[in-house]
Every structure is written in structure tokens, then in C-alpha cells.
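**Student:** Input: one structure, supplied below.
Where a number appears in this text, it was derived from the coordinates with a stated rule and is not lab data. Everything quoted here is computed from the prediction, not taken from an experiment. Note that we place each Cβ from the backbone using ideal geometry, even for glycine, and neighbour counts take in every protein chain shown.
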Amino acid sequence: MAHTTKVFDSDLQELARSIAEMGGLAERQITEAVEALTTRDSGRAQRIITADATIDMMQRNIEERAVETIARRQPVADDLRQVIGILRIANEIERIGDLAKNIGKRVIALNGEDMPRTSMSGVNHMATLMLAQLGDVLDSFARRDVAKAVEVWMRDQHIDKLCTSLSLQLLTDMIEKPISASLGAHLMFCAKNLERMGDHATNIAEAVHYMVKGKTLLSERPKADFTSMLTGAPVVALLTARMTSGVSATNSAAYL
């Protein structure tokens, strides 16, 4: 029994190392994606898109090894939760990689178009918050630190609020025409991709809580993302009407 436990612990440690490696690559992908967006570097963006295959492969390898560990060791209770949690976390990191790739695709679609400084400042701020979220939640996994995981889970609303604020500003800019509709739409999607990355980081936090406590978080996740309200027909109609009647779209933001 002692030998079996030792072998299982070794399997878990190897899976945890793979999660750390995969998480580190995802962090680099996010940084590279935002840098590519800032500099409108299509070549860099293409490398991000290509590198996503590595994250996908790592996720598949972790899944295969986790399933093999379950089949061979037949873990129960806490041990089984550890493997299931690792499977969930690998899947969340893979999705984060996909979202970084999506930003890379937007960079290529922009084809070098100039970025408004204020908008890029908002995107960079979102990326900074998101990278802090991801770094902290990966650390909470490595340390099995439930308190830190819950802190990440609670902080997600800050990214939500910033995404909503930035999306509103971009929508206003598109109506008042300081930027093109195409550029504004691409930047809104980039902001939404970063917001979704934050959601996946909170999913990892929930997985860590489950691994350590053996139960899910009971309270509802605090959310502050209202971007879906900004693209609805009533909102667009309101802003358009105010624009054509000579009322600034910036002033109309108070009605949203």
C-alpha cells in the first residue's frame, strides 16, 4: 500500500508540473498577444496562433496521463478529486490559450491600423489584471491555497467592470467616429477575450477549492460584465437617435 501511495503521489507531482508548464506558456501567450496588438505586429500575431497548438497538445497529454492514472491507481475520495481537478484546470488553461490566439487573429485582421492611445491603455490595463489573476490562481493550485483561490474568484468582477467600461467607450467612439467601426469592433472583441480569460481563471479557482475542500463554492460568483447590453438593438437605436438629433453619444452614455 505504501508503494502504491508513493507511485500515485509521483504521478500527481508530474501532472502538477505539467500544469505549471502549461500555465506558464499561456501567460506568455497573453503577453505576446497584447504586445502584438499594441504594435500591430502581424508576424508576432501569427507566431501566437501557431504556438497555440503546443498548448492544445499539452492539454491532451495531461488528459491522457490523468485517465491512465485513474485506470492504473484507481484512486478514491481525496485522491480522485486531485486528478479530476487537474483535468478541469488543464481544460481551462487550454481555453485561455484559445482566447489569446483569437486576439492574434484580430491583430492580423487589423492589418496595421493605428490604435487610439486611450483604448490601448484600457486593453493593457485589462491584460495586466488578467495576468495577475492567472498567476495568482496557478500559485493557489501549486500551494493548494484555498484562501488565495477564493480571492481570485472575488476579484474577477474588477476585470468585468473594466471590460464594460472599455466597450462602452469604444461604442461611443465608433458612433462619434474618432475611430472606424471595424477597429472599434476588433478592440471590443479583444477586450471580451481578456474578460473571458478572467472567467476561466475563476473556474480554475473553483477547481482548486473543490480539490482541497471536496465541495464547490456555494455562493454565486460576483459578476459585473454588462457588455451584452451594449450591443443590443435598443442601445444602438438610442445612441443613433441621440447622435442624429445632435446630442453627444458621450452624454447619452448616462442612459445605459
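**Student:** Can you run phi through the Karplus equation (6.51, -1.76, 1.60; θ = phi - 60°) for the stretch 102-116 and list ³J(HN,Hα) in whole Hz, with x for Gly and Pro?
**Tutor:** Here the 3J(HN,Hα) series is 4, 5, x, 5, 5, 4, 5, 5, 5, 6, x, 4, 5, 9, x Hz.
**Student:** Estimate the FRET efficiency between THR118 and THR50 by the formula 1/(1 + (r/R0)^6), using the beta-carbon distance for r and 30 Å for R0, to the nearest 0.05.
**Tutor:** Working: r = 31 Å, r/R0 = 1.04.
E(calc), rounded to 0.05, equals 0.45.
**Student:** What percentages, rounded to whole numbers, describe P(r) for the stretch 72-203 computed over all alpha carbon pairs with 5 Å bin width beginning at zero?
**Tutor:** Computed distribution, short to long bins: 2, 10, 18, 19, 16, 12, 9, 6, 4, 3, 2, 1, 0.
**Student:** Of the listed pairs LYS105/LYS213; LYS105/LYS148; LYS105/LYS161; LYS101/LYS148, which have alpha-carbon separations greater than 31 Å here? It would help to have the intermediate numbers written out before the result.
**Tutor:** Values: LYS105/LYS213 39 Å; LYS105/LYS148 33 Å; LYS105/LYS161 25 Å; LYS101/LYS148 28 Å.
The answer is LYS105/LYS213; LYS105/LYS148.
**Student:** What's the extension gain from LYS6 to ALA132 if we count 0.36 nm per residue and subtract their Cα-Cα distance? Display every interim value, and only then the final one.
**Tutor:** Details: separation 126, 0.36 × 126 = 45.36 nm, distance 3.39 nm.
Additional length available on full extension: 42.0 nm.
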